[in-house]
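A short worksheet on the structure shown next.
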Amino acid sequence: MNDIEKLGFDEWFQDKIETEKLNGFKAARVICVNKNSFIVSNGVNDIYAELTGKYLFNSDSVLDFPTVGDWVYVQLFDDDSLAIIHDILPRKSLLKRKTSGKKIEYQLIAANIDTAIIMQSLDNNYNLRRLERYLVMINESHITPVIFLSKSDLLSADEIEKRKNDILKIMPEIKIEAFSNNNLEDVERIKTYFTPAKTFCLLGSSGVGKTTLLNNLIHEELYKTRPIREKDGRGKHTTTRRELVVLENGSIVVDNPGMRELGIISAESGLDNTFDEIAELSDRCRYADCTHTVESGCAVLKGIEDGIISNERYQNYIKMYKESSYHEMSYLEKRQKDKKFGKFMHNYFKNKNDDK
Ligand SMILES: Nc1nc2c(ncn2[C@@H]2O[C@H](COP(=O)(O)OP(=O)(O)OP(=O)(O)O)[C@@H](O)[C@H]2O)c(=O)[nH]1
Ligand SMILES: [Mg+2]
Ligand SMILES: [Zn+2]
């Protein structure tokens, strides 16, 4: 493996790279972002990097900007101690979340992630609804999700088993691993998930133990961790920036700050993957634009009656569907289109009648 392959550069990127751009430029991976400056790595050195003025000027969406995990074309200066980023390579995957506010804006979480680890702690952070939200976000991005339940030392084995089963009831295919950061055997077992040259991303609320796991994996207290608040068990947002690190065994991990709230994600495709039994039935609804709430001939509502879909799952689906900005937008657009079409038809018939 050459240096950039060790950082996750594989055939997928090899196929996408524009070879003519490599005359003068090199491929490097973004390992840390700080507003408009970056740290990139070529597999040998960590290099301070900035975007070209032209790039800054020509980008009008946050989606155009490099984020942690991105591969970029750089020009190196001063014995490889300074880099100028000229462009981003195509992304294999992109994790983003909607930021709050009326305008739909995104915050980039990480790019080119192979596996997303959703972590919840088995004390009072465990929450099925939140898990579903994370899964919606991840399914939209073509990334494999796994669930890590941390702090297993704080709950009985029976209770843990029950929670695992609750998760499997609504996400039958998902891999779940319960573990404690205080237990060496657990950490050794968890380590086997981290395969070389693949990129993993740790997601989950503040205080669940993401950074503690990372420190365990690198056998060092390299990154800061802090106890959670006693009064409500919430984390203190200890990790404040995303960073990409390469583990001893060659796998690549992005630690993340805990997310305060997870904005609901744009694409319906993510929803459909997470609620595939509902999506499947919805193909059979009488109306193509059925909202599965009041329509006659709705196969989803019938599915609930027949007990094929659980009411709980349905409620979650509807809730997320409503929150999904994409849906809101397309709904408004649809309404507007319908209005225009209505007007058109109205005038058409009016003129026709006038002709008589
Ligand atoms: N009992 C128990 N405590 C743990 C475990 N893992 C982590 N902790 C503790 O939980 C607290 C928070 O851990 P962190 O690793 O800082 O949590 P984090 O997810 O990185 O939090 P943010 O960086 O704020 O997003 C620390 O006091 C850890 O020692 C565990 O498996 N069992
Ligand atoms: Mg942390
Ligand atoms: Zn329907």
Taking into account only those residues within segment 202-242 that are hydrophobic (A, V, I, L, M, F, W, C) and touching a helix residue (DSSP H, G or I) at 6+ places or on another chain (Cβ under 9 Å), which is farthest from LEU131 (Cα to Cα)? LEU222
Can you tell me which residue in segment 210-238 is nearest to ligand 1 (Cβ to nearest atom), limited to those that are closer than 22 Å to GLU177 by Cβ and at pLDDT below 75? GLY235
Collect the residues in segment 6-43 that are modelled with pLDDT of 90 or more and either touching a helix residue (DSSP H, G or I) at 6+ places or on another chain (Cβ under 7 Å) or more than 24 Å from ASP255 (Cβ to Cβ) (or both), keeping them in residue-number order. GLU11, GLN14, ASP15, LYS16, PHE25, LYS26, ALA27, ASN42, GLY43
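Regarding ASP123, is this residue farther than 28 Å from GLN315 by Cα and either outside any loop (DSSP other than H, G, I, E, B) or within 16 Å of ligand 1 (Cβ to nearest atom) (or both)?
Considered against the rule, which asks whether it is farther than 28 Å from GLN315 by Cα and either outside any loop (DSSP other than H, G, I, E, B) or within 16 Å of ligand 1 (Cβ to nearest atom) (or both), ASP123 comes out as no.
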Applying the selection to segment 289-312, what residues are in contact with a Phe, Trp or Tyr (Cβ under 9 Å, 6 or more places away or on another chain), modelled with pLDDT under 90 and either within 16 Å of ligand 2 (Cβ to nearest atom) or closer than 21 Å to MET171 by Cα (or both)? ILE309
Given the structure, is LYS210 among the basic types (Lys, Arg), more than 26 Å from SER141 (Cβ to Cβ) and either in contact (Cβ under 8 Å) with a residue 24 or more places away in the chain or within 16 Å of ligand 3 (Cβ to nearest atom) (or both)? no
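Looking at ILE167, ILE160, ILE176, ILE143, which is the one that is closer than 19 Å to GLN315 by Cβ, at pLDDT 90 or above and either within 16 Å of ligand 2 (Cβ to nearest atom) or of a type in the set (A, V, I, L, M, F, W, C) (or both)?
Going through ILE167, ILE160, ILE176, ILE143 in turn, the sole match is ILE167.
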Matching residues, segment 130-173, being part of a helix (DSSP H, G or I), among the charged types (D, E, K, R) and without any contact (Cβ under 8 Å) to a residue 40 or more places away in the chain: ASP153, ASP158, GLU159, GLU161, LYS162, LYS164, ASP166, LYS169
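Yes/no matrix, rows are residues, columns are (1) more than 15 Å from ligand 1 (Cβ to nearest atom); (2) assigned by TED's automatic domain parsing to the domain that holds LEU244; (3) not basic (Lys, Arg):
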{"position": "GLU140", "(1), (2), (3)": "yes, yes, yes"}
{"position": "ASP153", "(1), (2), (3)": "no, yes, yes"}
{"position": "ARG189", "(1), (2), (3)": "no, yes, no"}
{"position": "PRO196", "(1), (2), (3)": "yes, yes, yes"}
How many residues does segment 27-78 hold that are under 17 Å from LYS92 (Cβ atoms) and β-branched (Val, Ile, Thr)? 5
Those residues that are farther than 20 Å from ALA116 by Cα and loosely packed, with under 12 Cβ neighbours inside 10 Å, I need them from segment 163-175; list them, please. ASN165
From the list ASN182, ASN216, ASN127, exactly one residue is without any contact (Cβ under 8 Å) to a residue 12 or more places away in the chain, of a type outside the set (Phe, Trp, Tyr) and farther than 29 Å from TRP12 by Cα. Which is it? ASN127
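Which residues, counting only those in segment 191-213, are closer than 27 Å to TRP12 by Cα and more than 9 Å from ligand 2 (Cβ to nearest atom)? Show your work before the answer.
Let us first name the residues in segment 191-213 that are closer than 27 Å to TRP12 by Cα, namely 191-203.
The answer is LYS191, THR192, TYR193, PHE194, THR195, PRO196, ALA197, LYS198, THR199, PHE200, CYS201, LEU203.
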Out of LYS35, LYS6, I need the residue that is on the phi > 0 side of the Ramachandran plot and under 27 Å from the mean Cα position of the chain (by Cα). Which one? LYS35
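The values are calculated or read from the model by the stated rules, or taken from the named source; none is laboratory data. Predicted, not measured: the structure shown is a model, and the values here were computed from it. Counting neighbours? That spans all protein chains shown, and the Cβs are built from the backbone with ideal geometry, glycine included.
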